[in-house]
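These notes are about the structure you will find just below.
The values are calculated or read from the model by the stated rules, or taken from the named source; none is laboratory data. For clarity, every value in this text was computed on a predicted model and none was experimentally measured. Cβ coordinates were reconstructed from backbone atoms using ideal geometry, including for glycine residues, and neighbour counts include every protein chain displayed. Accessible surface areas use protein heavy atoms only, side chains included; no ligands, DNA or RNA. Shrake-Rupley method; radii C 1.70, N 1.55, O 1.52, S 1.80 Å.
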Amino acid sequence: MIRTERLILRPWREADREPFAAMNADPEVMHDFTAPLTRAESDAKLDRYQDAIERLGHGRWLMERRAGGDFLGYVGIMPIFDEHPCAPGVEIGWRMIRAAWGLGYASEGAAAALRDGFERMQFTEVIAYTAPDNRRSRAVMHRLRMTRDVARDYVDPVHGAFVVYAAKP
């Protein structure tokens with residue numbers, strides 16, 4: 001579990017499936033993805049996140065508000081799939097419910113996850129990638145002082161173009 005001034009980043013519980021699925025089904029939250037996720041797709045994603053935390057000691061943590069325990073979304077570091085253009089390595093990602101946008105939670109949670117990755121997990125680099133027009137995520141990457149890595153930008157045949165940022169300890 002990771003605590004910040006306003007957040008708790010923690011492993012997933014069975015009761016988290018419903019708010020997670022609702023977030024993943026929101027078309028506005030999923031604007032930069034192919035489509036919102038079905039409940040089955042959302043459950044499978046949560047299962048992968050739980051497995052990573054249990055197996056590796058890191059992954060996408062549930063992000064909740066310390067005051068009240070409200071579900072806000074997730075943030076954390078996952079291994080990059082072998083088939084991914086940026087493999088091998090790890091990448092940080094986040095997704096939040098709309099009500100949490102613009103309040104600094106993504107930056108606060110991601111900064112804590114990066115610290116954990118560099119200090120506890122001893123990562124030497126963490127990347128992040130997003131669609132070029134995803135201004136909100138790119139702003140978080142800038143606030144985290146991640147550096148643009150143009151040489152690693154790529155185009156996915158299904159999802160389109162991606163820009164890549166990197167952070168080092």
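Laid out as a table, the results:
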| item | result |
| --- | --- |
| Selection count where residues are closer than 20 Å to ALA112 by Cβ, open to solvent by 40 Å² or more (accessible area, probe 1.4 Å) and of a type in the set (A, V, I, L, M), scope segment 12-65 | 1 |
| Failed condition for PHE81, given (1) open to solvent by less than 50 Å² (accessible area, probe 1.4 Å); (2) under 15 Å from the mean Cα position of the chain (by Cα); (3) farther than 22 Å from THR4 by Cα | (1) |
| Within segment 86-99, considering residues that are over 27 Å from ALA151 (Cα atoms) and in contact with a Phe, Trp or Tyr (Cβ under 9 Å, 6 or more places away or on another chain), the one least open to solvent (accessible area, probe 1.4 Å) | MET96 |
| Residue match in segment 85-95 (condition: among the aliphatic types (A, V, I, L, M), closer than 20 Å to ARG152 by Cβ and without any contact (Cβ under 8 Å) to a residue 24 or more places away in the chain) | yes |
| Of all residues making up segment 103-120, the number that are under 17 Å from LYS168 (Cα atoms) and surrounded by fewer than 14 Cβ atoms within 10 Å (Cβ to Cβ) | 3 |
| Output for segment 126-146, where each listed residue is over 17 Å from THR4 (Cβ atoms) and surrounded by 14 or more Cβ atoms within 10 Å (Cβ to Cβ) | VAL126, ILE127, ALA128, TYR129, THR130, ALA131, ASN134, ARG136, SER137, ARG138, MET141, MET146 |
